[in-house]
Amino acid sequence: MRADNSAHLAEAAQQRRLDCIERVQAVLNSLKRDGGPVTVAGIASRAGVSRTFLYDDAQALLLARLRDLASKQPATGRPALPDHQRITTKSHETVVRALRDANRKLNGENERLRNELAVALGQLRDLRRGIPAPRG
């Protein structure tokens with residue numbers, strides 16, 4: 001007759017479950033800190049667990065944490081940046097102002113170059129027609 005190993009099997013199953021929870025927690029912490037897409041499939045894949053494991057009633061707290069993290073993502077589908085990486089309104093306005101100034105300068109430079117090109121093309125046309133260049 002075989003020995004009853006059910007206690008050892010139950011203990012091993014409980015340890016596997018705890019290991020899975022720990023891996024999922026690590027992935028969630030990483031996503032909260034570094035940002036990234038928050039989906040059940042993505043987290044299950046990164047943590048090396050099944051999606052069924054995450055949807056199991058026993059992991060309701062993990063799933064709630066996952067959904068909370070996912071709800072903080074913008075609707076654009078891009079992952080939300082962690083708070084410490086987000087730009088402030090003042091910084092954003094400064095960047096926009098600097099980009100507008102740079103754009104204004106580039107537009108001025110383009111206009112100047114277009115005028116120089118027009119003059120050069122006019123001179124080339126005159127040379128080809130044999131018209132003498134104006135003195136002055």
Query raised in the report: In degrees from 0 to 90, rounded to the nearest 10, what is the angle of the helix 60-71 Cα long axis to the longest principal axis of the chain?
Result: 10 degrees
Report task. Using a cut-off of 12 Å between beta-carbons, work out the net charge of the residues near R17 (Lys and Arg +1, Asp and Glu -1, R17 not included). Result -> -2
Query raised in the report: Roughly how large, in nm² to one decimal, is the mean projection of the convex hull of the alpha-carbon atoms in the chain?
Result: 18.2 nm²
Query raised in the report: If you line up the long axis of helix 89-129 against the longest principal axis of the chain, both from Cα atoms, how many degrees apart are they, to the nearest 10?
Result: 40 degrees
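Mind ranking 95-104, 64-73 by how tightly packed they are, going by the mean number of other C-beta atoms within 10 angstrom, highest first?
Going by the mean number of other Cβ atoms within 10 Å, highest first, we get 64-73, 95-104.
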Query raised in the report: Going highest first, how would you order 40-49, 108-117 by mean Cβ packing within 10 Å?
Result: 40-49, 108-117
Requested in this report: Please compute the net charge surrounding L106, taking Lys and Arg as +1 and Asp and Glu as -1 over other residues with Cβ under 13 Å from its Cβ.
Outcome: +2
Query - Net charge contributed by nearby residues that have their C-beta within less than 15 Å of E93 (K/R +1, D/E -1) - result: +3
Report task. About the Cα centre of the chain, how large is the charge dipole given +1 on each Lys and Arg Cβ and -1 on each Asp and Glu Cβ? Please answer in debye to the nearest 20. Result -> 940 debye
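All of the numbers you see were taken from the coordinates with simple rules; none came from a lab. Bear in mind the structure is a predicted one, so any value in this text is a computation, not a measurement. With ideal geometry, Cβ positions are generated from the backbone for all residues, glycine too; neighbour counts draw on all protein chains shown.
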